[in-house]
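*Asks:* This structure is in structure tokens; I'll ask about it shortly.
The values are calculated or read from the model by the stated rules, or taken from the named source; none is laboratory data. Just so it is clear, the structure is predicted and the values come from calculations on it, not from any experiment. So basically every Cβ, Gly included, is an ideal-geometry build from the backbone, and we count neighbours across all protein chains shown.
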Amino acid sequence: MTTKHQTYYVPAQSGWPIIGAIGLFLIAFGAGNYIQQLATEKTSGGYILLAGIAVIIFMIFGWFKTVIDESMAGLYSPQMDRSFRQGMSWFIFSEIMFFGAFFGALFYARMISVPWLGGASNNAMTQEVLWPAFEAAWPLLKTPDGTTTEAMPWTGLPLINTIILLTSSVTLHFAHVSLEKAKRKPLIIWLSLTVILGAAFLALQVEEYSHAYQEMGLTLTSGVYGNTFFLLTGFHGMHVTIGTLFLIILLLRIIKGHFSPDKHFAFQAGSWYWHFVDVVWLCLFIFVYVL
Amino acid sequence: MSTTTHDTLDNAHDEHHHGAPKGLMRWVLTTNHKDIGTLYLWFSFIMFLTGGAMAMVIRAELFQPGLQLVEPNFFNQMTTVHGLIMVFGAVMPAFTGLANWLIPMMIGAPDMALPRMNNWSFWILPFAFTILLASLFMEGGGPNFGWTFYAPLSTTYSPDSTALFVFSIHIMGISSIMGAINVVVTIVNMRAPGMTWMKLPLFVWTWLITAFLLIAVMPVLAGVVTMVLTDKFFGTSFFDAAGGGDPVMFQHIFWFFGHPEVYIMILPSFGIISAIVPTFSRKPLFGYSSMVYATASIAILSFLVWAHHMFTTGMPVFAELFFMYCTMLIAVPTGVKVFNWVATMWRGSMTFETPMLFAVAFIILFTIGGFSGLMLAITPADFQYHDTYFVVAHFHYVLVTGAIFSIMAAAYYWLPKWTGNMYSETLGKWHFWCSVISVNVLFFPMHFLGLAGMPRRIPDYAIQFADVNQIVSIGGFAFGLSQLIFLAVVLKCIKGGKPAGDNPWQAADGLEWSIPSPAPYHSFTTPPEIK
């Protein structure tokens, strides 16, 4: 760069986006058909869905490889780095809003729909006419139509998981500090530790789900308590899975020697994402388990 | 700013300063904001005609009372898919296309901030709409629950193809979010040196705020369609009172998305009108900073008014009043905007080329839509208007004579810059007058139908509504046909015409008018200096 202006790298042409679009098409079309075929013998939708997921994984690897190669070739200016950072922050903001929809449903059920079914506010007749025997309570252990379930206690696995995830945020922060100080060995150790903690969280989550399904009778179909419980923790678990994969890739790149103390956007993005997932869990722990 | 020096520098530069590649793959693989803008605009126009054809089916069926042409269930599919296509397939992609074409040129950027993601955002859309349209041909039919897909219509009583509807909405949402992130990052990070916030063209400002709204509410739409999916197929009861949920909860979450969504479809219009009115009045825009603040206020208020769509659902009186007053408050910033446009025209030396005609029609007709919105905002009055043709008249005034007219205005205004040729002013005027007359024949009598009590979304109606419905249908067919003139104008303009020159409107202000027409494939590879 000889001019005083930075050159903003505009890639010429790229095949990855169209592959990604086809991948999303296959996922959407496949999932839509798969779900319709659940009650039937047909399986075509499932295969289309799997093909779509394969295409997307291929696209992610290819696209990221291109970006990493460009980055290693020094094509990116600090301005581009800012674009990536801002893009990642807005993406995380959109994720917050996604969880917001489900938290909204949780609060609505707790504060409005369940109490109203129990006759709160000016809804005495609602209860009288619909389900006079219904008693409003949260967690909703007996739904108006009589489905019963048990409440997931916050002690035990959920508490352990909270500690695990909070610790993982701390270890990731130490990894970041080591990266900034160019201390390679502590960096690898702290990051590996974070990955292990993430995986442990997921394993315990699976354990908790099977406990809920097999011993507690708490399932996706056990009324609005089970609905909000499984959708919130389920989507959170999906995000932890993605975050863990993200961290594993970062670890592999660090072992290859990819980042420098002043240039490590991908690491920063991964750690932002991880901290975000952590904060979502804290909200979950408080509003789904404890309160 | 010295574009010439930059050009010579660029020629000596490396591989990414090439012209447009040739052939189909240019469009499939492109990372160029102008190519992607063109793709968005054509896609939007095709969807506009597709959704329009569905509207023609609706108006043909409603030409007479009784069931003439289509089954009620098919009629419902037509109203639903017409709405979905016009909202997500026509208006939103048109604005994104304009954003792609114009924002980098207006702020002096070389391209959008994330060019590959830009391509991805676009190419998701044709696939998403293929899925949505294909679901019409599935066993049991396509979506028939209205574009608002209220539970339990979309859960308990919906066709199996709802699963496809849900996933097509999901990928449309992914496309919108990525498009919006790209716009925000471009505006925040890529402005040329000296392009300070309060020097930004209003189109850029309004799009920045629109993009923020998109990122904030499209995920909420994704959440609510997911709940519809699990309620229908996986036995959850978010929207089922028997399991402790509530069908009204659907409406709360949906309209938390839905109300900002309607502003997503009008804020960029405000930016377009704020660009066109000063040019043809030959005066700077009156009250620039108040326009910026008004746009921001509208965006903030849009998060506090969602329940005005639900006054008749039996909310507590406090909620009804809160949402009524918040809704009425929106009239204030909107009024500021209308006042500023009129004040800009005041004592200007005005001329009335086609973009200006559409802009003036926008100001008048959008204001009519705004006033009927105020009427609907009054809770006790809304109990009468709710779910009648009055509502249909209201939102078509703001969306057709509002959003669509502004998009037409923008197309005429920037076509010379895009193609390098002037469009045919005669044909343009024909298009305008045919459209503006027919659109009022189409939508104005709907107010009376609604006030007289004709409900929306029905294929049949009582005999006393017959005369007015016939007038409305004739207006509808005429409006539909008038849009073919627009297609002719655009095609003719692309093929040739009087050379436009850098600034065909003389008084037009802004960086996009400082570069040649047609705009070179890469504009501002090095940023211009703004004084």
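*Asks:* Identify all residues within the stretch B:506-531 that are crowded, with 20+ Cβ neighbours inside 10 Å and out of contact with any helix residue (DSSP H, G or I) (no Cβ under 8 Å at 6 or more places or on another chain); write none if there are none.
*Replies:* Residue satisfying the conditions is B:PRO527 alone.
*Asks:* Could you list, in sequence order, all residues of the stretch A:36-72 that are under 22 Å from the mean Cα position of the chain (by Cα) and buried (at least 21 other Cβ atoms within 10 Å of the Cβ)?
*Replies:* A:LEU49, A:MET59
*Asks:* Pairs needed: first member in the stretch B:115-135, under 20 Å from B:THR30 (Cα atoms); second member anywhere, surrounded by fewer than 24 Cβ atoms within 10 Å (Cβ to Cβ) and among the small types (Gly, Ala, Ser); C-beta distance under 7 Å; at least 6 residues apart or different chains.
*Replies:* Sorted first by the residue in the stretch B:115-135, then by its partner, the pairs are B:ARG116/A:SER14; B:ASN119/A:SER14.
*Asks:* Among helices (runs of 4 or more DSSP H) lying entirely in the stretch B:62-157, which contain 3 or more residues that are within 13 Å of chain A (Cβ to nearest Cβ)?
*Replies:* In the stretch B:62-157, the matching helices (runs of 4 or more DSSP H) lie at B:115-134.
*Asks:* Here is a further query. Applying the selection to the stretch A:120-159, what residues are touching a residue at least 60 places away in the same chain (Cβ under 8 Å), more than 9 Å from chain B (Cβ to nearest Cβ) and of a type in the set (Val, Ile, Thr)?
*Replies:* Scanning the stretch A:120-159 gives A:THR148, A:THR149.
*Asks:* Consider only pairs whose beta carbons are under 7 Å apart and that are at least six residues apart or on different chains; among these, list those whose first residue lies in the stretch A:232-249 and is outside the structural domain of A:VAL195 (by TED's automatic domain parsing) and whose second residue is of a type in the set (S, T, N, Q).
*Replies:* Filtered contacts from the stretch A:232-249: no entries.
*Asks:* Can you tell me which residues in the stretch B:226-268 are polar (S, T, N, Q), part of a helix (DSSP H, G or I) and facing another protein chain (nearest Cβ under 8 Å)?
*Replies:* Once the filter is applied, which keeps residues that are polar (S, T, N, Q), part of a helix (DSSP H, G or I) and facing another protein chain (nearest Cβ under 8 Å), the stretch B:226-268 yields B:THR226, B:THR230.
*Asks:* Looking only at the stretch A:104-119, how many residues end up being at positive phi and facing chain B (nearest Cβ under 7 Å)?
*Replies:* The total comes to 0.
*Asks:* For A:ALA31, work out the one condition from (1) over 20 Å from the mean Cα position of the chain (by Cα); (2) in a helix (DSSP H, G or I); (3) not assigned by TED's automatic domain parsing to the domain that holds A:ILE286 it doesn't fulfil.
*Replies:* Looking at each condition in turn, A:ALA31 falls short on (1).
*Asks:* Another question about this same structure. Would you check if B:GLY223 is at the interface with chain A (Cβ under 7 Å from one of its Cβ atoms) and at negative phi?
*Replies:* Working: at the interface with chain A (Cβ under 7 Å from one of its Cβ atoms): yes; at negative phi: yes.
Taking the combined requirement at face value, the residue satisfies it.
*Asks:* Then there is this: Out of curiosity, is B:VAL188 part of a helix (DSSP H, G or I), out of contact with any Lys or Arg (no Cβ under 8 Å at 6 or more places or on another chain), crowded, with 20+ Cβ neighbours inside 10 Å and of a type in the set (A, V, I, L, M)?
*Replies:* no
*Asks:* Here's a follow-up. Being surrounded by fewer than 18 Cβ atoms within 10 Å (Cβ to Cβ), assigned by TED's automatic domain parsing to the domain that holds A:VAL279 and out of contact with any Gly (no Cβ under 9 Å at 6 or more places or on another chain) is true for just one of A:SER89, A:SER94. Which residue is that?
*Replies:* A:SER89
*Asks:* For a quick check of your reading of the model, give me the residue pairs whose first member lies in the stretch B:310-324 and is more than 17 Å from B:HIS259 (Cβ to Cβ), whose second is surrounded by fewer than 16 Cβ atoms within 10 Å (Cβ to Cβ) and among the hydroxyl-bearing types (Ser, Thr, Tyr), with beta-carbon atoms closer than 8 Å and at least 6 apart or on different chains.
*Replies:* Final answer for the pair search is B:PRO316/A:SER121.
*Asks:* Residue under question is B:GLN483, and the condition is that it be over 22 Å from B:LEU365 (Cβ atoms) and in a helix (DSSP H, G or I); does it hold?
*Replies:* no
*Asks:* Return the pairs, sorted by first residue and then second, in which the second residue is surrounded by fewer than 16 Cβ atoms within 10 Å (Cβ to Cβ) and of a type in the set (Val, Ile, Thr), the first residue lies in the stretch B:328-347 and is over 19 Å from B:ALA299 (Cα atoms), the beta carbons are less than 6 Å apart, and the residues are 6+ apart or on different chains.
*Replies:* none
*Asks:* Select from the stretch A:23-56 the residues that are more than 7 Å from chain B (Cβ to nearest Cβ), among the hydrophobic types (A, V, I, L, M, F, W, C) and within 19 Å of B:LEU132 (Cα to Cα) and list them in ascending order.
*Replies:* Those that are more than 7 Å from chain B (Cβ to nearest Cβ), among the hydrophobic types (A, V, I, L, M, F, W, C) and within 19 Å of B:LEU132 (Cα to Cα): A:LEU26, A:ILE27, A:ILE48, A:LEU49.
*Asks:* Within the stretch B:159-180, restricting attention to residues that are surrounded by fewer than 24 Cβ atoms within 10 Å (Cβ to Cβ) and assigned to a loop (DSSP other than H, G, I, E, B), which residue is farthest from the other protein chains (Cβ to nearest Cβ)?
*Replies:* Looking at the filtered set, the residue picked out is B:PRO159.
*Asks:* Take the stretch B:503-520 and flag every residue that is under 19 Å from B:GLY19 (Cα atoms) and not hydroxyl-bearing (Ser, Thr, Tyr). It would help to see each step written out before you state the result.
*Replies:* Of the residues in the stretch B:503-520, the ones under 19 Å from B:GLY19 (Cα atoms) are B:512, B:515-520.
Once the filter is applied, which keeps residues that are under 19 Å from B:GLY19 (Cα atoms) and not hydroxyl-bearing (Ser, Thr, Tyr), the stretch B:503-520 yields B:GLU512, B:ILE515, B:PRO516, B:PRO518, B:ALA519, B:PRO520.
*Asks:* Name the residues in the stretch B:239-265 that are in contact (Cβ under 8 Å) with a residue 40 or more places away in the chain and farther than 21 Å from B:LEU304 by Cα, would you?
*Replies:* If the condition is that a residue be in contact (Cβ under 8 Å) with a residue 40 or more places away in the chain and farther than 21 Å from B:LEU304 by Cα, then B:PHE239, B:ASP240 are the ones that fit.
*Asks:* Let me ask something additional. Could you please give the count of residues in the stretch B:400-455 that are assigned to a helix (DSSP H, G or I), more than 18 Å from the chain's Cα centre (by Cα) and small (Gly, Ala, Ser)?
*Replies:* 3
*Asks:* Here's a follow-up. Considering only the stretch A:175-291, give the helices (runs of 4 or more DSSP H) lying wholly within it that have at least 2 residues that are within 20 Å of A:ILE163 (Cβ to Cβ) and aromatic (Phe, Trp, Tyr).
*Replies:* Values: elements: A:184-211, A:223-255, A:265-284.
Ranges flagged: A:184-211, A:265-284.
*Asks:* Sort through A:PHE29, A:PHE102 and tell me the only one that's surrounded by 20 or more Cβ atoms within 10 Å (Cβ to Cβ) and farther than 30 Å from A:VAL279 by Cα.
*Replies:* A:PHE29
*Asks:* Please go through the stretch A:72-94 and pick out each residue that is touching a residue at least 24 places away in the same chain (Cβ under 8 Å) and at the interface with chain B (Cβ under 7 Å from one of its Cβ atoms).
*Replies:* A:GLN79
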